[in-house]
Amino acid sequence: MERYLDPKADLTFKKVFGEHPDLARSFLNALLPLEAGEEIESIEYLPAELVPENPLRKNSIVDVRCRDNQGRQFIVEMQMAWSPEFQQRVLFNAAKAYVRQLGKGLDYSLLEPVYSLNLVNDVIDPALPGYYHSYRMVHEACSDRVIEGLRLVFVELPKFTPHTFSEKRMHVLWLRYLTEIGDQTVSVSSDLRNDPEVGKALSEIRASAFTDAELAAYDKFWDQVSVEVTLYNSGERKGRAEGRAEGERQKALEIARKLKGLGQTNAEIASLTGLSLEEVERL
């Protein structure tokens with residue numbers, strides 16, 4: 001039977017939404033809070049931002065950037081694990097995209113809105129109801145008074161359940177595509193397969209559609225995500241629990257061994273884990 005790859009991984013997410021404008025347009029129309037008449041008709045991809053070579057510094061995020069025929073810009077990011085810094089980075093990137101629209105001497109009226117759609121494979125705030133969170137600048141006392149320009153949307157994928165949300169059909173189908181398909185998936189629901197757009201996306205993430213080198217990169221991506229989550233959780237525990245120095249050291253050694261297996265240099269491993277260079281070299 002045909003095996004699928006997880007659509008949330010860097011390789012698959014970018015292949016589907018970064019190489020197929022029709023699928024990116026459908027995805028954005030389904031998940032962004034656009035009013036009737038504001039739907040995206042066509043898009044063109046924008047050059048990708050420069051990112052560090054070390055994926056740990058990017059927090060396992062994949063990006064798709066595009067602009068529609070009205071000049072509106074859209075940033076899509078997939079975040080595998082939540083951290084408070086991510087929220088600030090989202091705001092920074094959206095603001096940067098907004099101000100970069102104007103050259104010297106140009107009129108501010110030429111500025112077009114920037115939408116930032118952020119899919120998080122983690123729970124942002126357990127106390128916050130719902131999985132879909134839309135932010136914009138509103139007057140504190142009169143919420144109908146809005147300053148347009150930036151729109152930030154966060155989707156907590158683990159909170160999504162199809163039967164709890166009476167939303168647009170494609171909204172539900174695309175989120176089901178992201179949450180129901182994984183490494184071990186060999187059978188897909190017919191309503192996903194039979195939809196022309198989601199079905200096309202599914203055909204793009206079949207394991208047989210990738211080379212051996214791409215599959216190796218895919219596996220390495222998940223190893224990096226695992227290390228990153230371990231690093232973050234380790235730091236959280238260390239900040240909250242004093243007196244566990246030896247336990248934290250053992251955790252750092254475990255992380256260091258994983259990083260060695262991923263080909264990181266001893267100096268990089270020492271910097272990331274807090275271990276001494278001598279300790280890393282002895283592993």
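The values are calculated or read from the model by the stated rules, or taken from the named source; none is laboratory data. Keep in mind that what you see is a predicted model, and the values were worked out from it rather than measured. Glycine also receives a Cβ, built like all others from the backbone with ideal geometry; neighbour counts cover every protein chain displayed.
The set of residues in the range 43-58 that are at pLDDT 95 or above and surrounded by fewer than 12 Cβ atoms within 10 Å (Cβ to Cβ) contains only GLU44.
Would it be correct to say that GLU112 is more than 18 Å from the chain's Cα centre (by Cα), in a loop (DSSP other than H, G, I, E, B), more than 21 Å from GLN79 (Cβ to Cβ) and in contact (Cβ under 8 Å) with a residue 24 or more places away in the chain? I'd like the intermediate steps shown before the answer.
On the way: more than 18 Å from the chain's Cα centre (by Cα): yes; in a loop (DSSP other than H, G, I, E, B): yes; more than 21 Å from GLN79 (Cβ to Cβ): yes; in contact (Cβ under 8 Å) with a residue 24 or more places away in the chain: yes.
Answer is yes for this residue.
Only residues that are modelled with pLDDT under 85 and surrounded by 12 or more Cβ atoms within 10 Å (Cβ to Cβ) were counted across the range 102-132, and they come to 1.
Of the residues making up the range 170-184, those that are among the charged types (D, E, K, R) and in a helix (DSSP H, G or I) are ARG176, GLU180.
Does at least one position in the range 71-93 carry a residue that is in contact (Cβ under 8 Å) with a residue 12 or more places away in the chain, among the basic types (Lys, Arg) and assigned to a strand (DSSP E or B)? Taking every residue of the range 71-93 in turn, none turns out to be in contact (Cβ under 8 Å) with a residue 12 or more places away in the chain, among the basic types (Lys, Arg) and assigned to a strand (DSSP E or B).
The rows are residues; the columns are (1) modelled with pLDDT of 85 or more; (2) under 30 Å from LEU178 (Cβ atoms).
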site	(1), (2)
PRO196	yes, yes
LYS220	yes, yes
GLU248	no, no
SER276	yes, no
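Only one of these is part of a loop (DSSP other than H, G, I, E, B) and either under 28 Å from VAL123 (Cα atoms) or at pLDDT 80 or above (or both): SER203, SER234, SER208, SER187. Name it.
Matching residue, one of SER203, SER234, SER208, SER187: SER187.
For ARG193, the criteria (1) under 29 Å from ARG67 (Cα atoms); (2) of a type in the set (D, E, K, R); (3) within 19 Å of the chain's Cα centre (by Cα) hold in every case but one, which is (3).
Taken together, the residues in the range 259-283 that are surrounded by 17 or more Cβ atoms within 10 Å (Cβ to Cβ), in a helix (DSSP H, G or I) and not acidic (Asp, Glu) amount to 7.
If I filter the range 77-91 for residues that are modelled with pLDDT of 85 or more, more than 30 Å from GLU268 (Cα to Cα), assigned by TED's automatic domain parsing to the domain that holds THR179 and of a type in the set (Lys, Arg), do I get at least one hit? No: zero hits.
Yes/no per residue for (1) in a helix (DSSP H, G or I); (2) in contact with a Lys or Arg (Cβ under 9 Å, 6 or more places away or on another chain); (3) under 25 Å from ARG25 (Cα atoms):
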residue: GLN101; (1), (2), (3): no, no, yes
residue: SER116; (1), (2), (3): no, yes, yes
residue: ASP122; (1), (2), (3): no, no, yes
residue: GLY130; (1), (2), (3): no, yes, yes
residue: HIS133; (1), (2), (3): no, no, yes
residue: ASP144; (1), (2), (3): no, no, no
residue: GLY149; (1), (2), (3): no, yes, yes
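Residues that are among the aliphatic types (A, V, I, L, M) and either more than 14 Å from the chain's Cα centre (by Cα) or at pLDDT 95 or above (or both) within the range 9-36 comprise VAL16, LEU23, ALA24, LEU28, ALA30, LEU31, LEU32, LEU34, ALA36, listed in sequence order.
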